[in-house]
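Visitor: One structure, pasted below without further comment.
The values are calculated or read from the model by the stated rules, or taken from the named source; none is laboratory data. Small disclaimer: the values here were computed from a predicted structure and weren't measured. Reconstructed Cβ throughout: ideal geometry from the backbone, glycine too, with neighbour counts over all protein chains shown.
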Amino acid sequence: DTEVTQTPKHLVMGMTNKKSLKCEQHMGHRAMYWYKQKAKKPPELMFVYSYEKLSINESVPSRFSPECPNSSLLNLHLHALQPEDSALYLCASSQDQAGRSYEQYFGPGTRLTVT
Amino acid sequence: ELKVEQNPLFLSMQEGKNYTIYCNYSTTSDRLYWYRQDPGKSLESLFVLLSNGAVKQEGRLMASLDTKARLSTLHITAAVHDLSATYFCAVDRWGSRLTFGEGTQLTVNP
């Protein structure tokens, strides 16, 4: 299985809602990533988990809260978002992260709209 | 701070023609990636270039890496409509922290 899956595919939420994005991989990868991509722009790294521990937070606002319950799952909890947070949220995984680099495999993304 | 510059940002070309997309980066890195993205879709990995002088080819696309010049190229040979997409290069900072170029939006016209 060489696939990263993400649910839901589309999400519309109000600014007072709480929702979660889910990402799953079964490739035995030990590093998982969240990226945010605005229209016509490149992906921007948000968080990196390595061996289920948060290793990188790229100064992301606290209304985004990542969670890695186990080595196969990565969640992104959303609360009190702003309309400018509307974007495509991409999850990726790689074999490892610390010390050297491995190719990242991207999921299909969740299209988030904040109203 | 690592900067990655792609050019051109927009490329409109006719079917059957050849063209090259350039990716320059500002600091030392020996690992560079090329991705393709169709509208509304995720990133599809095209090439992983791991060392100076690396050249990889897949179909009508060929990518190369010159780490001394801090330059990678993506060459398109005899373009077809199916190649229309946005192409990103991405450079490794450290520990799998990718910095992406702005992307090249390619349109191949019949």
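Visitor: Output the number of residues of segment B:32-62 satisfying the condition of being more than 14 Å from chain A (Cβ to nearest Cβ) and of a type in the set (V, I, T).
Guide: Residues flagged as more than 14 Å from chain A (Cβ to nearest Cβ) and of a type in the set (V, I, T) within segment B:32-62 amount to 1.
Visitor: Would you point out which residue out of A:D85, A:D96 is closer than 24 Å to B:E102 by Cβ, among the acidic types (D, E), touching a strand residue (DSSP E or B) at 6+ places or on another chain (Cβ under 8 Å) and surrounded by 14 or more Cβ atoms within 10 Å (Cβ to Cβ)?
Guide: Step by step, each of A:D85, A:D96 is checked, and only A:D85 is closer than 24 Å to B:E102 by Cβ, among the acidic types (D, E), touching a strand residue (DSSP E or B) at 6+ places or on another chain (Cβ under 8 Å) and surrounded by 14 or more Cβ atoms within 10 Å (Cβ to Cβ).
Visitor: While we're on this one: Go through the residues of segment B:34-44 one by one and say whether even a single one is within 20 Å of B:G103 (Cβ to Cβ), hydrophobic (A, V, I, L, M, F, W, C) and in contact with a Ser or Thr (Cβ under 6 Å, 6 or more places away or on another chain).
Guide: Taking every residue of segment B:34-44 in turn, none turns out to be within 20 Å of B:G103 (Cβ to Cβ), hydrophobic (A, V, I, L, M, F, W, C) and in contact with a Ser or Thr (Cβ under 6 Å, 6 or more places away or on another chain).
Visitor: What single numbered condition from (1) surrounded by 15 or more Cβ atoms within 10 Å (Cβ to Cβ); (2) free of Cβ contacts under 8 Å to residues at least 40 places away in the same chain; (3) under 12 Å from the mean Cα position of the chain (by Cα); (4) within 12 Å of another protein chain (Cβ to nearest Cβ) fails to hold for B:L65?
Guide: Among (1) surrounded by 15 or more Cβ atoms within 10 Å (Cβ to Cβ); (2) free of Cβ contacts under 8 Å to residues at least 40 places away in the same chain; (3) under 12 Å from the mean Cα position of the chain (by Cα); (4) within 12 Å of another protein chain (Cβ to nearest Cβ), B:L65 violates only (4).
Visitor: May I pose another question? Checking the structure you have, find out if any residue of segment B:70-86 is within 14 Å of another protein chain (Cβ to nearest Cβ) and touching a residue at least 40 places away in the same chain (Cβ under 8 Å).
Guide: Scanning segment B:70-86 turns up at least one residue that is within 14 Å of another protein chain (Cβ to nearest Cβ) and touching a residue at least 40 places away in the same chain (Cβ under 8 Å).
Visitor: So B:S29 ticks every box in (1) small (G, A, S); (2) away from every other protein chain (no Cβ under 11 Å); (3) crowded, with 18+ Cβ neighbours inside 10 Å but one. Which box is left unticked?
Guide: Condition not satisfied by B:S29: (2).
Visitor: So which residues in segment B:1-52 are under 16 Å from B:F88 (Cα atoms), touching a residue at least 40 places away in the same chain (Cβ under 8 Å) and among the charged types (D, E, K, R), if there are any at all?
Guide: Once the filter is applied, which keeps residues that are under 16 Å from B:F88 (Cα atoms), touching a residue at least 40 places away in the same chain (Cβ under 8 Å) and among the charged types (D, E, K, R), segment B:1-52 yields B:K3, B:E5, B:R31, B:R36, B:D38.
Visitor: Same structure again: Here are some conditions: (1) buried (at least 19 other Cβ atoms within 10 Å of the Cβ); (2) modelled with pLDDT of 95 or more. A:T113 meets all but one. Which one does it not meet?
Guide: All conditions pass for A:T113, except number (1).
Visitor: Can you list the strands (runs of 3 or more DSSP E) lying wholly within segment B:45-103 that have 1 or more residues being β-branched (V, I, T) and more than 25 Å from A:L90 (Cα to Cα)?
Guide: B:55-58, B:71-76
Visitor: Moving to a separate point now. For segment B:87-109, what are the residues that are without any contact (Cβ under 8 Å) to a residue 12 or more places away in the chain and hydroxyl-bearing (S, T, Y)?
Guide: Matches in segment B:87-109: B:S96 only.
Visitor: Does segment B:7-37 hold any residues that are more than 19 Å from B:N52 (Cβ to Cβ) and in a strand (DSSP E or B), and which are they?
Guide: B:N7, B:F10, B:L11, B:S12, B:M13, B:Q14, B:Y19, B:I21, B:Y35, B:R36, B:Q37 - these are the residues of segment B:7-37 that are more than 19 Å from B:N52 (Cβ to Cβ) and in a strand (DSSP E or B).
Visitor: Let me ask something additional. Quickly run through segment A:24-46 and pick out the residues that are closer than 20 Å to B:F88 by Cα and either away from chain B (no Cβ under 11 Å) or part of a loop (DSSP other than H, G, I, E, B) (or both).
Guide: Correct list: A:W34, A:K36, A:K38, A:A39, A:K40, A:K41, A:P42, A:P43, A:M46.
Visitor: Among the residues in segment A:55-72, are any charged (D, E, K, R), in contact (Cβ under 8 Å) with a residue 40 or more places away in the chain and more than 9 Å from every other protein chain (Cβ to nearest Cβ)?
Guide: The answer is no, given that none of the residues of segment A:55-72 is charged (D, E, K, R), in contact (Cβ under 8 Å) with a residue 40 or more places away in the chain and more than 9 Å from every other protein chain (Cβ to nearest Cβ).
Visitor: Can you find a residue in segment A:73-83 that is farther than 28 Å from A:G14 by Cβ and not charged (D, E, K, R)?
Guide: no
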